[in-house]
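For reference, the structure is listed below as structure tokens.
The values are calculated or read from the model by the stated rules, or taken from the named source; none is laboratory data. Everything quoted here is computed from the prediction, not taken from an experiment. Counting neighbours? That spans all protein chains shown, and the Cβs are built from the backbone with ideal geometry, glycine included.
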Amino acid sequence: MAALRVIAEARRASTRAAHAIPFVHIEGPFLSPEDGARGVHPREEIRPASLAEFERWQAASGGLVGMVTLSPHAESAPAFIAAIAAKGIRVAIGHTHATPEQIHAAAAAGARFSTHLGNGIAALLPRHPNPIWAQLADDRLTASFIADGHHLPADTLKAMLRAKGIARSILISDVTALGGMLPGIYDASIGGNVELRADGSLRMMDTQLLAGAALPLKDGIAHCASSGICSLADAIRMSTENPGRVAGGRGVLQPGAAADIVRFGFDTQQKRMIIETVCGEGIERH
């Protein structure tokens with residue numbers, strides 16, 4: 001609630017912030033309580049979906065919540081999904097141990113997205129009927145994938161993109177507040193004591209459990225293109241045009257569209273380097 005109020009105030013105080021944050025995506029607390037599926041979300045904060053709580057979020061933010069990720073394992077999930085989808089809220093499936101039947105029921109009720117598919121899920125799954133296959137197969141769902149090279153092995157991400165299709169895939173960073181920091185041990189709001197390793201992965205101390213990501217999306221685009229996961233053109237499409245559709249027609253170069261442009265090049269190690277960003281009327285050089 002406090003975070004929603006802060007974001008709403010930031011948007012009121014800055015036209016640039018308002019432009020950069022079209023809506024807020026709430027990932028939790030309506031998630032699976034199961035180990036693995038809940039990721040680093042604290043079990044004590046996980047609870048069933050509640051329309052009353054959702055309305056409190058909207059009251060605190062002035063109606064800014066535009067997307068909710070939940071696990072549809074509960075019997076009440078379809079009714080909750082239908083209720084908020086009817087209000088124009090984007091509903092995503094994530095951090096779940098739901099059965100394929102429950103996933104398809106969620107899509108029938110109005111869920112249209114999968115949040116960081118392949119992560120926020122049990123480490124061991126049945127070979128055939130499991131939440132990953134069901135979400136890949138359901139054409140009503142557009143899936144986001146964490147493209148940092150740590151959350152999904154290259155072969156896994158390549159196969160998932162082929163199954164879901166480029167048009168229904170979105171690349172995301174999942175970057176936390178520790179993005180861009182030097183390697184070391186940190187006390188994080190997500191995961192508690194975490195280790196940012198030299199390879200760019202962010203993990204809970206003394207475990208292999210990931211605690212979000214620390215690499216920006218430009219590195220994810222570079223990873224996908226350089227590892228043979230997909231073409232550079234497809235990686236850019238999945239990072240601009242595809243998520244832009246979710247945010248109301250952004251991420252395209254055409255008359256009348258938002259003039260948000262990123263110009264990039266390559267450094268001496270052939271890594272992507274941001275040269276300048278154009279945000280509406282302003283230019284920021286890097």
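Couple of notes before you dig in:
- Residue satisfying condition, being assigned by TED's automatic domain parsing to the domain that holds Gln102, of a type in the set (A, V, I, L, M) and at pLDDT below 95, within set Val40, Val65: Val40
- Restricting Gly244, Gly212 to those that are within 17 Å of the chain's Cα centre (by Cα) and part of a strand (DSSP E or B) reduces the list to Gly212.
- Answer residue from the stretch 94-111, given it is under 24 Å from Gln58 (Cβ atoms) and touching a helix residue (DSSP H, G or I) at 6+ places or on another chain (Cβ under 8 Å) and is surrounded by the most Cβ atoms within 10 Å (Cβ to Cβ) among those: Ala106
- The listed residue being of a type outside the set (Gly, Ala, Ser) and within 22 Å of Arg112 (Cβ to Cβ), out of Leu217, Leu209: Leu217
- Candidates Leu210, Leu232: the one that is outside the structural domain of Gly39 (by TED's automatic domain parsing) and over 13 Å from Ile170 (Cα atoms) is Leu210.
- All positions within the stretch 150-187 that are buried (at least 19 other Cβ atoms within 10 Å of the Cβ) and assigned to a helix (DSSP H, G or I): Leu157, Met160, Leu161, Lys164, Arg168
- Annotation for the stretch 121-142: at least one member residue is assigned to a loop (DSSP other than H, G, I, E, B), assigned by TED's automatic domain parsing to the domain that holds Asp234 and among the basic types (Lys, Arg).
- Scanning the stretch 188-204 for residues that are part of a strand (DSSP E or B) and buried (at least 17 other Cβ atoms within 10 Å of the Cβ) gives Ala188, Val194, Glu195, Leu196, Ser201, Leu202, Arg203, Met204.
- Annotation for the stretch 39-60: no member residue is of a type outside the set (A, V, I, L, M), under 21 Å from Arg250 (Cα atoms) and out of contact with any Lys or Arg (no Cβ under 7 Å at 6 or more places or on another chain).
- Test result for Ile81, farther than 28 Å from Glu195 by Cα and buried (at least 19 other Cβ atoms within 10 Å of the Cβ): yes
- Positions within the stretch 98-119 being within 18 Å of the chain's Cα centre (by Cα) and either in a loop (DSSP other than H, G, I, E, B) or farther than 20 Å from Ile170 by Cα (or both), in sequence order: Ala111, Arg112, Thr115, His116, Leu117, Gly118, Asn119
- Flag not set for Val91, criterion: under 19 Å from Pro33 (Cβ atoms) and crowded, with 19+ Cβ neighbours inside 10 Å.
Okay, residues lined up against (1) more than 23 Å from Phe266 (Cβ to Cβ); (2) in contact (Cβ under 8 Å) with a residue 24 or more places away in the chain:
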position: Ser201; (1), (2): yes, yes
position: Gln208; (1), (2): yes, no
position: Asp219; (1), (2): no, yes
position: Cys224; (1), (2): no, yes
position: Ile229; (1), (2): no, yes
position: Asp234; (1), (2): no, yes
position: Met238; (1), (2): no, yes
position: Asn242; (1), (2): yes, yes
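- Within the stretch 1-20, residues that are farther than 27 Å from Glu45 by Cα and assigned by TED's automatic domain parsing to the domain that holds Ala52 sit with their Cβ atoms under 9 Å from residues that are of a type in the set (S, T, N, Q) and surrounded by 12 or more Cβ atoms within 10 Å (Cβ to Cβ), at 6+ positions apart or across chains, in these pairs: Ala20/Ser14.
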